[in-house]
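S.K.: Can you keep this structure in mind? I'll have questions shortly.
The values are calculated or read from the model by the stated rules, or taken from the named source; none is laboratory data. Since this is a predicted model, take the numbers as computed values, not measurements. Because the Cβ atoms are built from the backbone with ideal geometry, glycine has one as well, and the counts that use them run over all protein chains shown.
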Amino acid sequence: MTESNKPLETAPAAVPPPVPLKKKKKKSRKKLLWILGLLLIVIIVIAVVISSKKENLITVQTEKIAARNITQLVTATGKIQSETEVNISAEVSGEIISLPFKEGDDVKKNDLLVKIKQEAYMPQLEEQNAAIKVAESSLKTSEVTLRKFELELQRIKELFNKGLASQSDLDNAQTNVDQTLAQINTNSAQINQQRTGMSRIKYDISKTTIYSPINGTVTQLNNETGEKVLGTISNQGSNIMTISDLSRMECQVEVGETDVTMVNIGDTARIQIDAFPDRIFTGYVYEISNTAKSKGTGTQDEVVNFVVKIRIVNNDVDLRPGMSCTVDIEVEKKNNVLSVPIQSVTTREEMKDKAGEKDEENENLKRESETRQNKKIKPKEIVFIIDNNAAKKEEVKTGISDDSYIEITEGVQEGQEVVKGSFKAINKELEDGSKVKVDNEVKKRNFKNEEDN
């Protein structure tokens, strides 16, 4: 076979190059990531929709409504004082030369408390004595002259009757008698005046010695022997000391003007004295001031109080004037009344449309704002009752209250479960129909944590 007769060899067909394995894996992974991303987005959207439809539960604490004894209190602070307290003041000025008692000493009625130097009054006393003697001497002289003129007048009258004396002589004689009588009256008045001055000086001298007007104790001493005091008759002079009867003590407290109207004579009081922290004293109201005591007059911080005096009845300890005290006055007491925790009662305001319905055909906001008025209604007192895991708003009427509970006169029944916490839930979060979760162990846990800390 020649070369020309040899069969032709066909060239092999072109084969595409193989795709690398790494590139295949990269594409499949990218596709998987896109699928996972879309799936995650769908899940998030579904979760948001479900959570938006899910009701928000408010955690609250509750308590059963029950009948209790409630005592309403008015609390005030003040000082311990003795019921009888006398300030010993000087009525005359001078130097103290005797001061027998010291602070804390017991004194009896009519005991000498203070003696002021009398020597300053002696010259005045002698001068007044001399003036009285001069006036008395002038009076005697006038009396002698009067007798002389009376005899002369008698003689002139006899001569006048015989025609031996003129009318002028008779008139002169009568004038001398009248003038002498006038002089005698003047001298008598001068004597009385001088004797009055003498009495005043003796009175001042008597005031140089001061005696105790009561049985008591010297609770304050402001002067020492040798010091000078200022005294005035019409006004109070220097306060030398204070005498107090410590056998009968009282509390003087200041009660605000909004509370004093609830306090009555005879109301029982529980008294806590800072000096005796482990003991409660008892007493009763026996005096209420009619005149207010104002602080910060004319300012925004002005406070108006009334002084209430409370007599302590079980005083068997040494109470001292000026001790601080806190008093709880029982102004009203009710037994077996429905009550709820005081924090359960809150207030809500409602808005009442005074103008009427909105005119749908006229959307003029400016005109609507001028004709539409909102009137505030007095806030209503409400509580929230738990009913089928939901809070039900109930309007109530309240009565008296103590530190923990408040009386409910209308709106609830005994045995109902009332919300008593938290403060935020009662005053802000809860609405009528709000779904709630009751957790009455939260306060116990918080209390235990506080004890552990």
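S.K.: In the same structural domain as Q190 (by TED's automatic domain parsing), surrounded by 14 or more Cβ atoms within 10 Å (Cβ to Cβ) and either among the aliphatic types (A, V, I, L, M) or in a loop (DSSP other than H, G, I, E, B) (or both), is that true of L151?
M.R.: No, not satisfied.
S.K.: Shifting gears a bit: Against the definition (surrounded by 18 or more Cβ atoms within 10 Å (Cβ to Cβ), of a type in the set (G, A, S) and not in a loop (DSSP other than H, G, I, E, B)), how does A173 come out, yes or no?
M.R.: yes
S.K.: Please note which strands (runs of 3 or more DSSP E) are completely contained in the stretch 46-140 and include at least 1 residues that are of a type in the set (K, R) and loosely packed, with under 12 Cβ neighbours inside 10 Å.
M.R.: Per the criteria, 58-64.
Results for (1) aliphatic (A, V, I, L, M); (2) farther than 30 Å from G283 by Cβ, shown as yes or no for each residue.
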residue: I201; (1), (2): yes, yes
residue: T209; (1), (2): no, yes
residue: L230; (1), (2): yes, yes
residue: V255; (1), (2): yes, no
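S.K.: Across the stretch 271-302, what is the total count of residues that are of a type in the set (D, E, K, R) and touching a Gly at 6+ places or on another chain (Cβ under 8 Å)?
M.R.: Qualifying residue count for the region: 1.
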